[in-house]
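Student: Just dropping this structure here.
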Amino acid sequence: MLLKWGVFTEFLRDRYFYPYKIDLHAADRYIGGMTSPPITGAAPSPRKIILAEFLERIWNRGEIDACDRFVAERYTLHHDPGDPWAGRTLDVAAYSERVRLSRAPFPNQRFDAQAMLEDGHAIAVTWLWSATHAADYPGFPATGQRITMSGATVYSFDASNKLTGHWQITDRLGVYQQLQRNRR
């Protein structure tokens with residue numbers, strides 16, 4: 001019997017790489033004081049819950065005023081090729097500006113975490129990103145077309161569970177190819 005590739009990869013992801021599901025709406029209630037974690041399966045760590053909320057609120061919803069809840073006073077972009085802030089250390093205000101400028105051409109962007117793996121003070125997250133090119137991006141006028149990207153980010157935390165930086169790899173070349181193709 002042949003198994004469809006999508007069904008097989010979902011099985012592998014669910015069984016071996018992401019054995020828990022985080023309900024982000026329930027995570028909001030949990031962090032706000034509920035007594036049971038918002039998951040099914042094995043319970044994620046508090047840092048995984050914080051990171052899921054950070055990705056949802058800051059990057060997906062654009063709640064930039066909440067950056068100070070998640071980001072430490074100093075946040076370092078250790079490795080992020082193609083990011084204008086790569087190699088820099090930002091304060092919360094500069095990090096908030098980075099989010100604002102990054103979201104501007106893609107206001108409905110969505111990061112969908114595929115897996116989170118924790119080791120000590122760091123969490124690696126693999127993700128899929130999608131957005132509509134709704135405003136100008138340097139060198140690329142808005143097209144209204146949907147674009148996608150994949151990547152992996154390792155976030156570092158301090159003792160108070162605030163994010164202190166990241167190391168990231170992404171398919172930015174694929175984004176530029178999509179932008180180029182869409183403007184024809």
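The values are calculated or read from the model by the stated rules, or taken from the named source; none is laboratory data. Computed from a prediction, not measured in an experiment: that's the story for all the values here. For neighbour counting, all protein chains shown are included, and Cβ atoms are generated from backbone atoms with ideal geometry for every residue, glycine included.
Listed here are the residues, each with its yes/no results for (1) at pLDDT 95 or above; (2) buried (at least 17 other Cβ atoms within 10 Å of the Cβ); (3) part of a helix (DSSP H, G or I); (4) basic (Lys, Arg).
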| residue | (1), (2), (3), (4) |
| --- | --- |
| 50 | yes, yes, yes, no |
| 59 | yes, yes, yes, no |
| 67 | yes, yes, yes, no |
| 75 | yes, yes, no, no |
| 106 | yes, yes, no, no |
| 113 | yes, yes, no, no |
| 117 | yes, no, no, no |
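Student: Residue check: is residue 148 in contact with a Phe, Trp or Tyr (Cβ under 8 Å, 6 or more places away or on another chain) and either more than 22 Å from residue 162 (Cα to Cα) or assigned to a loop (DSSP other than H, G, I, E, B) (or both)?
Tutor: The answer is yes for residue 148.
Student: Now, a different point. Which one is nearest to residue 113 (Cα to Cα) among residues in segment 77-97 that are part of a helix (DSSP H, G or I) and not aromatic (Phe, Trp, Tyr)?
Tutor: Ranking the qualifying residues of segment 77-97, first place goes to 96.
Student: Can I ask one more? Please state which one of 159, 142, 134 is closer than 18 Å to residue 75 by Cβ and in a loop (DSSP other than H, G, I, E, B).
Tutor: After ruling out the rest, the residue left standing is 159.
Student: When residues of segment 160-182 are filtered for being surrounded by fewer than 13 Cβ atoms within 10 Å (Cβ to Cβ), of a type in the set (D, E, K, R) and in contact with a strand residue (DSSP E or B) (Cβ under 9 Å, 6 or more places away or on another chain), how many remain? Talk me through it step by step, then tell me what you get.
Tutor: Of segment 160-182, the ones surrounded by fewer than 13 Cβ atoms within 10 Å (Cβ to Cβ) are 160, 173, 177, 180-181.
Subset that is of a type in the set (D, E, K, R): 181.
With the extra rule that they be in contact with a strand residue (DSSP E or B) (Cβ under 9 Å, 6 or more places away or on another chain), the set shrinks to none.
Counting residues in segment 160-182 that are surrounded by fewer than 13 Cβ atoms within 10 Å (Cβ to Cβ), of a type in the set (D, E, K, R) and in contact with a strand residue (DSSP E or B) (Cβ under 9 Å, 6 or more places away or on another chain) gives 0.
Student: Taking segment 77-87, which residues are surrounded by fewer than 16 Cβ atoms within 10 Å (Cβ to Cβ) and touching a Leu at 6+ places or on another chain (Cβ under 9 Å)?
Tutor: Passing the criteria: 82, 84, 86, 87.
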